[in-house]
Every structure is written in C-alpha cells, then in structure tokens.
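Asks: Please read through the structure below; I'll follow up with questions.
The values are calculated or read from the model by the stated rules, or taken from the named source; none is laboratory data. Model, not experiment: these values are computed from the prediction. As a convention, Cβ positions derive from the backbone with ideal geometry for all residues, glycine included, and neighbour counts pool all protein chains shown. Surface accessibility is based on the protein's heavy atoms, side chains included, excluding ligands, DNA and RNA. Shrake-Rupley method; radii C 1.70, N 1.55, O 1.52, S 1.80 Å.
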Amino acid sequence: MANQKLATASKQCKAYRKYLSDKGIPPHLATKGFLLTRAMIENLLTQNGKDLDGIRVYVGLDETGDMTIKPYAVGCVQQGDRYNDYKVPKTARPAAMDPSIAATTTASDAGTATLTATSLSPEDDDTVLEEPRPCPSYCGDDNDLNSDPNP
C-alpha cells in the first residue's frame, strides 16, 4: 500500500520548487528544506534542564547579501491545547527591563495599578534557538522530496 502522506508531500514539494523556478528565484536561493539534527532537537527540547513538548520553526529573511531564507527553531511548552514558545519575550516591554524579567500588573486596594517584576530564570537560562541547515547545501541524496525525477 502506498504511503499517501509521502505521495502528497512529494507532489507539493515539486510544486513548490516549480513555483520558485517560475518566479525566477535563482537555484542557490531556492531553499528546498531544512535539516534539524538530533543534537539540535535535543538541545531545543531539554534546554535549561527542562523537558519541553515541541518545536516550532519560524521563517525569517536575511536582508543582507543575497536575501536568504533563515529558519529559527524554538522549543515549545504545551499549555492545554496550545504550544507556547519557551522563553521568547514580547518586544512590548519597557526598554530598561531585563529580558529575564517578566512584568505583572496587579490592582491595589486604592484602585491604582502596581507593576511587579518577577525573575523568570537565572541570567544564564537563555532561550535556545537553533538554525536548521538549508537544502541546498545540506541536502541528502536525491529523493522524491528534494529532487525532480527528470532533472
């Protein structure tokens, strides 16, 4: 019995490469995929002595040089049916606030708000980011997901 997910993935990966080619994207910029090694995955899932629940990959664009796609993998913590990025701060915080501090607003008896800073972790407990390796340049042997049958 054929693997339907693999057949669908193969078809969609080929369609993506054709789309890039039709748009005139040079082959050296037409990223086919990204490699996450076991070491990268373990680093993400066990960072800071934690046992995280998932990995999310974000896609960025390096606007210097030849405009390359840059993936960033972050660990996630499951909270109910959501997976929240582990220790990735919001940028909307007071500029002077240390990124390892979370701000909590509470109401006092007089009806005024009080801002309380709570330490999330020691200074060396940084967010772990991994940069998956791009294909091309870190491609494996040709297969149905990374190459066309008639190059």
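Asks: Per-residue HN-Hα couplings for region 28-33, Karplus 6.51 cos²θ - 1.76 cosθ + 1.60 at θ = phi - 60°, whole Hz, x for Gly and Pro?
Replies: 6, 9, 8, 5, 8, x
Asks: For region 126-135, what does the Karplus curve 6.51 cos²θ - 1.76 cosθ + 1.60, with θ = phi - 60°, yield as ³J(HN,Hα) per residue in whole Hz, taken in order and with x for Gly and Pro?
Replies: Values per residue, Gly and Pro as x: 7, 5, 8, 10, 10, 9, x, 7, x, 10 Hz.
Asks: Take the Cα atoms of region 1-40, build their convex hull, and give its volume per residue in Å³.
Replies: 83 Å³
Asks: Using 1/(1 + (r/R0)^6) with R0 = 35 angstrom and r between the beta carbons of ALA39 and GLN4, what's the FRET efficiency to the nearest 0.05?
Replies: E between ALA39 and GLN4, to the nearest 0.05, is 0.65.
Asks: Given R₀ = 30 Å, what would the calculated FRET efficiency be for LEU129 paired with LYS23, taking r from the Cβ atoms and rounding to 0.05?
Replies: 0.55
Asks: Give me the Å³ per residue figure for the convex hull around the C-alpha atoms of region 1-95.
Replies: Spread over its residues, the Cα hull of region 1-95 gives 199 Å³ apiece.
Asks: Roughly how many Å² is the accessible area per residue of region 1-99, as a whole number, for a 1.4 Å probe?
Replies: 73 Å²
Asks: Go through region 70-83 residue by residue and turn each phi into a ³J(HN,Hα) via Karplus (6.51, -1.76, 1.60, θ = phi - 60°); whole Hz please, and just put x for glycine and proline.
Replies: So the Karplus estimates, Gly and Pro as x, are 10, x, 9, 9, 10, x, 10, 10, 7, 9, x, 9, 10, 10 Hz.
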